[in-house]
Each structure stands twice: as C-alpha cells, then as structure tokens.
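See below for the structure under consideration.
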Amino acid sequence: MTSAKKQTQVRLEEKVLEAGKAAARARHLDFNKYVERLIIEDTTGARAAGMAAAQRFIDEHGSFLDDLEQQLDAPYDQQPGAAA
C-alpha cells in the first residue's frame, strides 16, 4: 500500500542545502528521501534512541576506544609487539 505524498517548499541557506545534499549522496539517498528520514527519525524518537545507545556505548567502552586510538596514532615502532 502506498500513501499519497504531499509536496512542500522550504527555504534553506545555500550552505545548509549543499550540506544536506552531500549528506544524502553519502547515504546513497535522494535529497527528498534524506529529509523524509530525518523527520521520521526526529518525530518517532528513533534518533534519540540511537544517540542514547551511542552514549551508553561510549560510557561503557570509552577508555578502550581511547586506548585503541592512541595505539593507532602511535608510530609503528612504538606499538606493542612491533619488531625492534
């Protein structure tokens, strides 16, 4: 079952529009679908739930991620297990 779509017009600053179009392309979506998803996520609580889950992950595993980032940023010869 398909629902009827309504057309609307919005006015955006040029930089905001370009950023939105770039974000849509990065997600392989057309701009209309991208905006539709943003609205759905915002109005259904899906975005808030995702952000809360991400924050819980950071709270639980943040120190591991910080350590991993430091190891990946370290020069090769300073990484644990590197041949001297």
In degrees, nearest 10, the alpha-carbon axis of helix 46-73 is tilted away from the dominant principal axis of the alpha carbons of the chain by 30 degrees
Under the helix-only model (-39500 (n - 2.57) for each DSSP H run of 4 or more, divided by the residues of the chain), the mean residue ellipticity at 222 nm, to 500 deg cm²/dmol, is -22000 deg cm²/dmol
Taking the Cα atoms only, what angle lies between the long axis of helix 31-44 and the longest principal axis of the chain, rounded to 10 degrees?
-> 80 degrees
To the nearest 0.05, what FRET efficiency results for residue 59 and residue 15 with a Förster distance of 41 Å applied to their C-beta separation?
-> 0.75
Mind checking the angle between helix 14-26 and the chain's longest principal axis? C-alpha axes, 0 to 90 degrees, to the nearest 10.
-> 70 degrees
Compare 73, 59, 42 in a GNM of the chain, Cα atoms joined below 10 Å, and give the one with the largest fluctuation.
-> 73
Once log10 I(q)/I(0) by the Debye sum over Cα atoms at q = 0.19 Å⁻¹ is worked out from the coordinates, which option in (i) -0.86; (ii) -0.98; (iii) -0.75 does it equal?
-> (ii)
State in Å² the accessible area per residue of the chain; use a 1.4 Å probe, count heavy atoms of protein chains only, and round to the nearest integer.
-> 94 Å²
Using a Förster distance of 41 Å, how high is the FRET efficiency between residue 44 and residue 73, based on the Cβ-Cβ distance and rounded to 0.05?
-> 0.60
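The values are calculated or read from the model by the stated rules, or taken from the named source; none is laboratory data. What you are looking at is a predicted structure, and each value in this text was computed from that prediction instead of being measured. Because the Cβ atoms are built from the backbone with ideal geometry, glycine has one as well, and the counts that use them run over all protein chains shown. These accessible areas exclude ligands, DNA and RNA; they are computed on the full protein's heavy atoms, side chains included. Shrake-Rupley method; radii C 1.70, N 1.55, O 1.52, S 1.80 Å.
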